[in-house]
1. (1) surrounded by fewer than 17 Cβ atoms within 10 Å (Cβ to Cβ); (2) away from chain B (no Cβ under 12 Å); (3) part of a helix (DSSP H, G or I): which one isn't true of A:Leu71, the others all being true?
2. What's the total number of residues in region A:130-153 that are surrounded by 24 or more Cβ atoms within 10 Å (Cβ to Cβ) and assigned to a helix (DSSP H, G or I)?
3. Could you check region B:69-105 and list, in sequence order, the residues that are in contact with a Pro (Cβ under 9 Å, 6 or more places away or on another chain) and either at positive phi or of a type in the set (Ser, Thr, Tyr) (or both)?
4. Restricting to region A:166-189, count the residues that are farther than 27 Å from A:Leu211 by Cβ, touching a Gly at 6+ places or on another chain (Cβ under 9 Å) and surrounded by fewer than 20 Cβ atoms within 10 Å (Cβ to Cβ).
5. For the subset of region B:135-158 comprising residues that are free of Cβ contacts under 8 Å to residues at least 60 places away in the same chain, assigned to a helix (DSSP H, G or I) and within 12 Å of chain A (Cβ to nearest Cβ), which member is surrounded by the most Cβ atoms within 10 Å (Cβ to Cβ)?
6. Please determine, by comparing only the residues of region A:1-50 that are part of a loop (DSSP other than H, G, I, E, B) and surrounded by 14 or more Cβ atoms within 10 Å (Cβ to Cβ), which one is modelled with the lowest pLDDT.
7. Identify the residue in region B:220-248 that is among the hydroxyl-bearing types (Ser, Thr, Tyr) and over 17 Å from B:Pro191 (Cα atoms) and, among all such residues, is surrounded by the fewest Cβ atoms within 10 Å (Cβ to Cβ).
8. Could you say which residue among B:Arg194, B:Arg217 is surrounded by fewer than 14 Cβ atoms within 10 Å (Cβ to Cβ), facing chain A (nearest Cβ under 10 Å) and at pLDDT below 95?
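The values are calculated or read from the model by the stated rules, or taken from the named source; none is laboratory data. Everything quoted here is computed from the prediction, not taken from an experiment. Cβ: placed from backbone, ideal geometry, glycine included. Neighbour counts: every protein chain shown.
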Amino acid sequence: MAAVQNSMKGRRRAVDDPLWAKVLIVGVVMAFLALVLILPLAAVFVEALRKGLGPALEAVNNPDALAAVKLTLITAAISVPFNAVFGLCAAWAIAKYEFPGKALLITLIDLPFSVSPVVAGLIYVLIFGLQGWFGEYLVDNDIKVIFAVPGIVLATVFVTFPFVARELIPLMQEQGTSEEEAAVSMGASGLYTFWRVTAPNVRWGLMYGVLLCNARAMGEFGAVSVVSGHIRGLTNTMPLHVEILYNEYDFVGAFAVAALLCLLAVVTLVLKTALEVGQPGMRGRGGH
Amino acid sequence: MWRARTLDDDQTMTADTAVRRSSAPPPKGKRPLFRRRSAIPGFGLTMGVTLTVLSLIVLIPLSAVVLKAAHQSPADFWAVATSQRSMAAYRLTFGAAFVAAVINGVFGVLTAWALVRYDFPGKTVVNALVDLPFALPTAVAGIALATLYAPTGWVGQFLTPLGIKAAYNPVGVTIALIFIGLPFVVRTIEPVLRDAAEDVEEAAASLGANRVDTILRIVLPALAPAWLTGFAMAFARGVGEYGSVIFIAGNMPYKSEIAPLLIIIQLEQFEYARAATIAVVMLAVSFTMLLVINAIQAWARRFD
């Protein structure tokens, strides 16, 4: 048997492509990815450091930039946990029970992925803006939603809405209900069952969803741009600050702040890869 | 009715009766609406939270834009939705998204094929990089691409002598959408390719098919549903994309102005009904794409 395997090793299997084809395909793929993905990433850092490290650091260490960093962190700190809790609830309801209309519910949860970010911003302007449904009430009570932090958080929650749910639903469906049923039949309460049985089973999937959700929450541009009003130091998130600096031809500043966001993206990808290597079931899922 | 009763029962039942009930056979004669009643508590709570949040964050706000657009007469709606400027914007948006999705369709298959079937140095890095467009904020991609493809940029300087104007032109819009859409195609094809049985290919080969025949007639047809899904997802995302496009597009009315930008321009002029009108057209396209994607996936499941 071993001899047969050894002799097989030397020969090309029928599903193997010839070496020239492999080299050609990998070469084309590498060239394409270098042009489309690596070049833009490299350009950000080169442009940020065009005048040396000093001006780049100065652009980041500027009150408006720091305010933007702070607002971005606040926005993510609210919207990501919110969507994580929602995702857990939705996945529990969908994966652990049978009910009619399940497919429709999953489609509706995925809906924000199909909506243009600009439309996502617009819908909240139509509701909370001056001429919107609650416009007069909000003005009378001196509550600001649009052109203020609540609007930014709402728009961010909308665009990142499906991330955690769509990660957890297939995972929990795969795991079935037998472990939870066993726990409940032995007298565990619902909450105890969740913490001791379900949570350990889904924690990696949850982290994966939270990771992608966070990257999008910190990086969202279109939706936030519609509701923010671009008030420096007050309602500018990091991506909006990048836009303002770029439009003012402060390229070093724009790319310096952009480089910070690139670092966020790189950290996200490293963590994501680490999760995939540690949890082989995670590979190939995700998306968006 | 049924749902309400399950909810109340779950809250009052002890675990024991719950399990006994769930294992009881469904009543004979008619097919039960619920395959079996669950012993696990929490349906009422989690379903309640899910429906409430979904309605408040997504469904009711989305209905606001439809109501706003419906507030005007059909003639006004039609005039704005099909004005020359709007039509030019749709043509650019859909055209660029389509071309970008086709290009991603070709290179996405090759990338997925290389990642699944071959071992090569740096594969882990390449695999991680494919998701860069998901992780990188779109505005960052936008300014980077605009700088690269500007006439004096790293890439633009080589295109200018060839007479190609990339940035501030529809070509630039397409370039940005290629960046945005790539992972959709790769990540939808990859799992299908990984699960595809190599023994079918071996069988084809042992029956005398050459490699090209095997790929054209065995591998690619099996990939078709995933490829179409990835293509449709990349197209749908491209149609709505804003951040990565506006920096490189040039934003000239009738020429390089995308539909999402038109919404923003109307909004800045306080023309809320007009903004809502274009938004409704885009929503209609998004929902159609969503239905198409679901139909493709339902069709693909028939072959499982």
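1. (1)
2. Of the residues in that region, 2 qualify.
3. Scanning region B:69-105 gives a single hit, B:Thr93.
4. Result for region A:166-189: 0.
5. Result: B:Val140.
6. A:Ala14
7. Going residue by residue through region B:220-248, those that are among the hydroxyl-bearing types (Ser, Thr, Tyr) are B:229, B:242, B:244.
Next, only the ones that are over 17 Å from B:Pro191 (Cα atoms) stay: B:242, B:244.
Values: B:Tyr242: 26, B:Ser244: 30.
Among those residues, the one meeting the criterion is B:Tyr242.
8. B:Arg194
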